[in-house]
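Chemist: Take this structure first; my questions come after.
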Amino acid sequence: MQIIIYGSLYGSTKRYAEHLSEITGIEAVAFKDAKDIAKYDRVIYMGALFAGSVLGLRKTVSRMSPNQKLTIITVGMVDPADPENIDYIRRSIKARVPAHLYDESQIFHLRGAIDYSNLTLKHRMMLSVIHWKISKMPEEKLNAEAKTILAIYGKKFDYVDFKSLEKIDL
């Protein structure tokens with residue numbers, strides 16, 4: 001028995017989770033509403049990337065048992081094809097997931113969406129500070145994440161691609 005559990009900030013992850021649920025018949029539930037996780041053989045966790053972590057992942061895995069399987073799917077604005085981005089994301093996940101689960105997990109990365117006008121004041125302020133710091137850096141010092149922040153700042157982008165779910169081994 002499987003379940004899709006998701007942590008979504010502004011809706012991209014929820015869109016992916018609901019679509020994956022629709023095409024697989026696996027129930028999708030927000031991490032805040034997930035009950036009795038231990039009864040599932042496999043947890044498919046979909047989480048928004050935010051501030052160096054995956055929303056709700058730590059809380060979810062803390063309720064899992066060692067014999068459960070875990071698939072982690074991150075959703076963010078950074079390019080999931082960039083090895084530097086993937087390395088950073090995986091290091092962040094590894095720091096938050098117990099070794100017995102991390103070592104056996106399948107991990108996938110998807111692109112999300114952003115609409116700057118819909119961000120909370122707190123998130124707009126955080127992004128503003130980060131953008132200001134990055135904009136002062138020399139071009140040659142910018143990594144892929146910094147370039148993404150410069151490109152999306154103050155704008156609306158939607159990179160959600162349901163076809164990218166096909167690469168996930170369920």
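The values are calculated or read from the model by the stated rules, or taken from the named source; none is laboratory data. What you see is a predicted model, and the numbers here were worked out from it, not measured in a lab. So basically every Cβ, Gly included, is an ideal-geometry build from the backbone, and we count neighbours across all protein chains shown. Calculation scope for accessible area: heavy atoms of the full protein, side chains included, ligands and nucleic acids excluded. Shrake-Rupley method; radii C 1.70, N 1.55, O 1.52, S 1.80 Å.
Chemist: Among the residues of segment 16-28, what is the count of those that are more than 15 Å from the chain's Cα centre (by Cα), free of Cβ contacts under 8 Å to residues at least 24 places away in the same chain, within 23 Å of Ala113 (Cα to Cα) and open to solvent by 60 Å² or more (accessible area, probe 1.4 Å)?
Modeler: Adding up the residues that qualify gives 1.
Chemist: Moving on to the next point. Given the criterion in contact with a Phe, Trp or Tyr (Cβ under 8 Å, 6 or more places away or on another chain) and open to solvent by 50 Å² or more (accessible area, probe 1.4 Å), identify the matching residue among Glu145, Glu140, Glu166.
Modeler: Values: Glu140 fails: in contact with a Phe, Trp or Tyr (Cβ under 8 Å, 6 or more places away or on another chain); Glu166 fails: in contact with a Phe, Trp or Tyr (Cβ under 8 Å, 6 or more places away or on another chain).
From the options Glu145, Glu140, Glu166, the qualifying one is Glu145.
Chemist: Please give the number of the condition Ile134 fails out of (1) over 21 Å from Ala17 (Cα atoms); (2) surrounded by 14 or more Cβ atoms within 10 Å (Cβ to Cβ); (3) within 14 Å of the chain's Cα centre (by Cα); (4) modelled with pLDDT of 90 or more.
Modeler: All conditions are met except number (3).
Chemist: Hey, any hits in segment 8-15 for a residue that's under 15 Å from the mean Cα position of the chain (by Cα), open to solvent by 40 Å² or more (accessible area, probe 1.4 Å) and hydroxyl-bearing (Ser, Thr, Tyr)?
Modeler: Let us first name the residues in segment 8-15 that are under 15 Å from the mean Cα position of the chain (by Cα), namely 8-15.
Narrowing further to those that are open to solvent by 40 Å² or more (accessible area, probe 1.4 Å): 9-10, 14-15.
Remaining after also requiring hydroxyl-bearing (Ser, Thr, Tyr): 10.
The answer is yes; a qualifying residue exists.
Chemist: Let me ask something else about it. Quick one: count up the residues across segment 119-170 that are among the hydrophobic types (A, V, I, L, M, F, W, C), part of a helix (DSSP H, G or I) and under 17 Å from Asp82 (Cβ atoms).
Modeler: Keep residues of segment 119-170 that are among the hydrophobic types (A, V, I, L, M, F, W, C), which gives 119, 121, 125-127, 129-130, 132, 134, 137, 142, 144, 146, 149-152, 157, 160, 162, 165, 168, 170.
Still in the list and also part of a helix (DSSP H, G or I): 121, 125-127, 129-130, 132, 134, 144, 146, 149-152, 162, 165.
Of the ones still in play, those that are also under 17 Å from Asp82 (Cβ atoms) are 134, 144, 146, 149-152.
The total comes to 7.
Chemist: Let me ask something else. Given (1) at pLDDT below 95; (2) closer than 19 Å to Ile168 by Cβ; (3) open to solvent by 10 Å² or more (accessible area, probe 1.4 Å); (4) not polar (S, T, N, Q), identify the lone condition not met by Phe31.
Modeler: Only one criterion in (1) at pLDDT below 95; (2) closer than 19 Å to Ile168 by Cβ; (3) open to solvent by 10 Å² or more (accessible area, probe 1.4 Å); (4) not polar (S, T, N, Q) is unmet by Phe31, namely (1).
Chemist: Right, here's the next one. Would you mind telling me which numbered condition in (1) at pLDDT 95 or above; (2) within 24 Å of Glu145 (Cβ to Cβ) Phe50 fails?
Modeler: With (1) at pLDDT 95 or above; (2) within 24 Å of Glu145 (Cβ to Cβ) applied to Phe50, the lone miss is (1).
Chemist: Further question: Out of (1) among the hydrophobic types (A, V, I, L, M, F, W, C); (2) assigned to a helix (DSSP H, G or I); (3) at pLDDT 95 or above; (4) surrounded by fewer than 22 Cβ atoms within 10 Å (Cβ to Cβ), the odd one out for Ile3 is which?
Modeler: With respect to (1) among the hydrophobic types (A, V, I, L, M, F, W, C); (2) assigned to a helix (DSSP H, G or I); (3) at pLDDT 95 or above; (4) surrounded by fewer than 22 Cβ atoms within 10 Å (Cβ to Cβ), Ile3 is out only on (2).
Chemist: Please identify the pairs in which a residue from segment 56-76 that is at positive phi has its Cβ atom under 7 Å from the Cβ atom of a residue that is modelled with pLDDT of 95 or more, counting only partners at least 6 apart or on another chain.
Modeler: From segment 56-76, the pairs are Gly56/Gly7; Gly56/Phe31; Gly56/Gly47.
Chemist: For residues that are part of a helix (DSSP H, G or I), open to solvent by less than 40 Å² (accessible area, probe 1.4 Å), in contact (Cβ under 8 Å) with a residue 40 or more places away in the chain and within 19 Å of Val43 (Cβ to Cβ), tally how many sit in segment 82-118.
Modeler: Going through segment 82-118 one residue at a time, the tally reaches 3.
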